[in-house]
Amino acid sequence: SGLSLEKMLNLMGVEGIRIWGVKRPSHTVMTAKVGKGRLEALLDAASRSRCKVEILGRRGLPYLWQNLLKRKVLVFGVALFVAALIFLSSFIWDVEVVGTEKLDPAGIMDYLNSQNVKPGIRQSEVDFHVLADDILGAFPELSWVGISMKGMRLHVEVVEGEPKPEMIDESVPADIVA
């Protein structure tokens with residue numbers, strides 16, 4: 001507040017002080033927002049223009065961070081929670097086999113257990129490409145195996161192959177149908 005608010009605005013422009021949210025409720029009063037790091041420069045410009053500065057509130061991320069650092073137990077708890085979440089999300093917590101029609105999915109699950117791929121194992125310990133090739137080798141009735149992670153679930157998608165057609169013995173005479 002003061003009689004020379006325009007002079008203070010000009011000094012702020014020269015000093016490079018950025019303000020926003022400017023409102024002027026009366027001829028001698030102006031409200032505005034300024035960054036935390038530029039508050040001292042604003043007070044200097046106000047004293048040179050003989051204006052009075054009153055801080056109405058302190059809001060924003062720097063002040064929130066400053067208040068949070070006073071609550072060390074809360075910050076520690078949040079950091080511990082985030083670390084636990086990141087750690088636990090690196091494990092496989094469920095294995096799902098889809099796409100089987102004739103083949104029993106329990107057989108594939110048993111094979112995965114024999115390969116030490118089961119809930120509780122770290123995702124980094126499983127090579128999905130090698131595991132898919134191993135499953136294809138162990139189950140000849142499968143034509144394709146896709147393994148992916150969906151969240152913390154190992155998703156094993158299989159496609160069963162078509163049975164091979166009967167081979168016709170060409171040495172036996174047969175009828176030709178046109």
Would the stretch 104-115 turn up any residue that is farther than 28 Å from residue 165 by Cα, outside any loop (DSSP other than H, G, I, E, B) and polar (S, T, N, Q)? yes
Here are some residues: 68, 56, 74, 64. Which one is open to solvent by less than 60 Å² (accessible area, probe 1.4 Å) and either modelled with pLDDT of 95 or more or farther than 30 Å from residue 157 by Cα (or both)? 68
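Quick check on this structure: which one of 33, 23 is of a type in the set (Lys, Arg), surrounded by 11 or more Cβ atoms within 10 Å (Cβ to Cβ) and outside any loop (DSSP other than H, G, I, E, B)?
33
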Tabulated pairs, the stretch 159-173, first within 28 Å of residue 97 (Cα to Cα), second among the β-branched types (Val, Ile, Thr) and in a strand (DSSP E or B), C-beta under 8 angstrom, 6+ apart or interchain: 159/145
Residue 96 passes all but one of (1) of a type in the set (D, E, K, R); (2) surrounded by 10 or more Cβ atoms within 10 Å (Cβ to Cβ); (3) at pLDDT below 90; (4) outside any helix (DSSP H, G or I); which number fails? (3)
Among the β-branched types (Val, Ile, Thr) and open to solvent by 100 Å² or more (accessible area, probe 1.4 Å): does that describe residue 14? yes
If residue 126 satisfies all but one of (1) over 19 Å from residue 112 (Cα atoms); (2) surrounded by 14 or more Cβ atoms within 10 Å (Cβ to Cβ), what's the number of the condition it fails? (1)
Counting only residues that are surrounded by 11 or more Cβ atoms within 10 Å (Cβ to Cβ) and either assigned to a helix (DSSP H, G or I) or of a type in the set (Phe, Trp, Tyr) (or both), the stretch 77-93 contains a total of 4
Filter result for the condition that a residue is at pLDDT below 90, farther than 25 Å from residue 153 by Cβ, open to solvent by less than 50 Å² (accessible area, probe 1.4 Å) and in contact with a strand residue (DSSP E or B) (Cβ under 7 Å, 6 or more places away or on another chain), over 103, 42: 42
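The values are calculated or read from the model by the stated rules, or taken from the named source; none is laboratory data. No experiment lies behind these values; they were computed from the predicted model shown. No Cβ is skipped: glycine too gets one built from the backbone with ideal geometry, and neighbour counts run over all protein chains shown. For the accessible areas, the whole protein counts, side chains as well, though only heavy atoms, and no ligand, DNA or RNA atoms are used. Shrake-Rupley method; radii C 1.70, N 1.55, O 1.52, S 1.80 Å.
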